[in-house]
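Scroll down for the structure; my scribbles are underneath it.
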Amino acid sequence: MVTPQQSYAARLDIDYPEKLDRVTSFFRMIWIIPIAIILSLLSAVANWSVVTETGETITRSSGGIAGGLFAATMLMIVFRQRYPRWWFDFAREFARFAARVWAYAFLLTDQYPSTVDEQSVHLELDYPDVERDLNRWMPLVKWLLAVPHFIVLGVLAIGAIFAIFIAWFAILFTGRYPRALFDYVVGVFRWGLRVEAYALLLVTDRYPPFSLR
């Protein structure tokens, strides 16, 4: 039987760690700071102000590389029906890097996030044939169609926070991430990736399944 994870254009799997380091898990929010700064520089919104000759202050903002990539890809699909391969490759590698950082933050792995190597986080996106697989007008409304997913993910994320908190204590005492909690957190992570692939990365028009698998 083909599962939603196997058939969907965005797939994620994380190797289950048999043993986790208690010390690095305890100080995880400190250890992650350097690589988190790098990730935030690529994805965070930047704001700056310009003072005109009349003394008026104009505030402008930039969505970072990730936001710019989304906007550029949307315009290319709508007006040119093209998704440049190098844009896709960058988006995929950026998603992989972000996944490694978040997996480390969520205590799903002890491996410090690499900017290059796959490590224990396996993320794959299928490159779309735009003319065959994508409707050129869908990028304009996908964010709206994905609202039910955003709502459900918000609820699931609250559960994931509690799961991570409980897992943190379990790791400190046993050195292990309870398997049921691990599968739940990875499932929420996987669900979010599918929604991102649909509404933001724009690699598929297939509506994401409501599933943690």
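The values are calculated or read from the model by the stated rules, or taken from the named source; none is laboratory data. Given the structure is predicted, the values throughout are model-derived calculations rather than measurements. Methodologically, a virtual Cβ is constructed for each residue, glycine included, from the backbone with ideal geometry; neighbour enumeration extends over all protein chains shown.
Here are a few things to note about the model shown:
- Looking at the stretch 5-97, the strands (runs of 3 or more DSSP E) lying wholly inside it that each contain 2 or more residues that are at pLDDT 90 or above sit at 10-14.
To keep it simple, each residue is scored yes or no on (1) at pLDDT below 95; (2) acidic (Asp, Glu); (3) in a helix (DSSP H, G or I); (4) buried (at least 21 other Cβ atoms within 10 Å of the Cβ).
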residue	(1), (2), (3), (4)
ARG176	no, no, no, no
ALA180	no, no, yes, no
GLY187	no, no, yes, no
TYR198	no, no, yes, yes
PRO208	no, no, no, yes
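- One residue stands out among those in the stretch 111-146 that are without any contact (Cβ under 8 Å) to a residue 40 or more places away in the chain and of a type in the set (Val, Ile, Thr): the one that is nearest to LEU12 (Cα to Cα), which is VAL116.
- A single entry from LEU108, LEU212, LEU201 fulfils the requirement of being in contact (Cβ under 8 Å) with a residue 12 or more places away in the chain, among the aliphatic types (A, V, I, L, M) and touching a Gly at 6+ places or on another chain (Cβ under 8 Å): LEU212.
- Residue count for the stretch 116-162 under the criterion of being of a type in the set (A, V, I, L, M, F, W, C), surrounded by fewer than 13 Cβ atoms within 10 Å (Cβ to Cβ) and either under 17 Å from PHE88 (Cα atoms) or in contact with a Phe, Trp or Tyr (Cβ under 7 Å, 6 or more places away or on another chain) (or both): the result is 1.
- In the stretch 89-120, the residue that is farthest from PHE165 (Cα to Cα) out of those that are over 12 Å from the mean Cα position of the chain (by Cα) and hydrophobic (A, V, I, L, M, F, W, C) is PHE90.
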